[in-house]
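**Q** The following block contains the structure, expressed as structure tokens.
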Amino acid sequence: VQLQASGGGLVQPGGSLRLSCAASESLFSINPMAWYRQPPGQQRELVATTTSGGSTTYRDFAKGRFTISRDNAKNTVYLQMNSLESKDTAVYYCRARYRGNVYWGQGTQVTVSS
């Protein structure tokens with residue numbers, strides 16, 4: 001499966017961004033879809049997941065600020081990020097588990113700075 005992430009950019013603290021991850025296969029065949037991020041000089045970390053059944057999970061730092069959602073008709077998963085902070089600066093990646101294998105999107109840079 002191919003994943004195309006987009007939506008990153010430069011935003012001021014307190015601002016919002018919505019990331020998109022378009023998959024080449026039906027989301028019903030991908031379980032789960034997830035967003036990860038890799039801050040500068042740090043390891044990649046999980047942000048949020050969504051399953052084909054519609055359940056979602058979030059890391060503590062994302063709870064209340066980030067929302068993962070999916071549009072099955074468009075084979076696209078979103079990450080709505082609100083109240084962004086400088087520590088949210090990272091490259092954000094989408095990840096899919098499809099037919100037992102893991103696939104990554106190319107990453108999209110999010111920079112939170114005034």
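The values are calculated or read from the model by the stated rules, or taken from the named source; none is laboratory data. These figures come from a predicted structure and were not determined experimentally. Positions of Cβ are backbone-derived with ideal geometry, glycine not excepted, and every protein chain shown enters the neighbour counts. These accessible areas exclude ligands, DNA and RNA; they are computed on the full protein's heavy atoms, side chains included. Shrake-Rupley method; radii C 1.70, N 1.55, O 1.52, S 1.80 Å.
**Q** Just for region 30-59: of the residues that are of a type in the set (Gly, Ala, Ser) and over 9 Å from the mean Cα position of the chain (by Cα), which one is farthest from ASN75 (Cα to Cα)?
**A** Among those residues, the one meeting the criterion is GLY41.
**Q** Further, regarding this structure: Cβ-Cβ distance below 9 Å, separation of 6 or more or different chains: which pairs start in region 5-30 with a residue that is farther than 19 Å from GLU85 by Cα and without any contact (Cβ under 8 Å) to a residue 12 or more places away in the chain and end on one that is open to solvent by less than 20 Å² (accessible area, probe 1.4 Å) and outside any strand (DSSP E or B)?
**A** Cβ pairs passing all conditions: none.
**Q** Going through region 1-50 one residue at a time, which ones are more than 15 Å from TRP104 (Cβ to Cβ) and in contact with an Asp or Glu (Cβ under 7 Å, 6 or more places away or on another chain)?
**A** PRO13
**Q** Follow-up question, since we're still on this one. Look at ASN75 and say whether it is at pLDDT 95 or above and either over 10 Å from the mean Cα position of the chain (by Cα) or buried (at least 18 other Cβ atoms within 10 Å of the Cβ) (or both).
**A** The answer is yes for ASN75.
**Q** Determine which member of the set ARG70, ARG97, ARG65 is more than 18 Å from ALA22 (Cβ to Cβ) and not hydrophobic (A, V, I, L, M, F, W, C).
**A** ARG65
**Q** Considering each residue of region 86-114, count those that are outside any strand (DSSP E or B), touching a helix residue (DSSP H, G or I) at 6+ places or on another chain (Cβ under 9 Å) and not basic (Lys, Arg), and give that number.
**A** Qualifying residue count for the region: 3.
**Q** In region 34-54, what count of residues is obtained for those that are out of contact with any Phe, Trp or Tyr (no Cβ under 9 Å at 6 or more places or on another chain) and at pLDDT below 95?
**A** The qualifying residues number 3.
**Q** Looking at GLY15, GLY53 in this structure, which one is outside any strand (DSSP E or B) and either open to solvent by less than 70 Å² (accessible area, probe 1.4 Å) or of a type in the set (A, V, I, L, M) (or both)?
**A** GLY15
**Q** Take the residues in region 80-114 that are in contact with a Leu (Cβ under 9 Å, 6 or more places away or on another chain) and either basic (Lys, Arg) or closer than 17 Å to SER52 by Cβ (or both); name whichever of them is surrounded by the fewest Cβ atoms within 10 Å (Cβ to Cβ).
**A** Here the residue is TYR103.
**Q** Just the residues that are surrounded by fewer than 16 Cβ atoms within 10 Å (Cβ to Cβ), in contact with a strand residue (DSSP E or B) (Cβ under 6 Å, 6 or more places away or on another chain) and either of a type in the set (Lys, Arg) or part of a loop (DSSP other than H, G, I, E, B) (or both), please, taken from region 26-43.
**A** Answer for region 26-43, where residues must be surrounded by fewer than 16 Cβ atoms within 10 Å (Cβ to Cβ), in contact with a strand residue (DSSP E or B) (Cβ under 6 Å, 6 or more places away or on another chain) and either of a type in the set (Lys, Arg) or part of a loop (DSSP other than H, G, I, E, B) (or both): just PRO39.
**Q** Moving to a separate point now. Could you tell me whether ARG65 is under 22 Å from SER113 (Cα atoms), buried (at least 20 other Cβ atoms within 10 Å of the Cβ) and not hydrophobic (A, V, I, L, M, F, W, C)?
**A** Answer is no for this residue.
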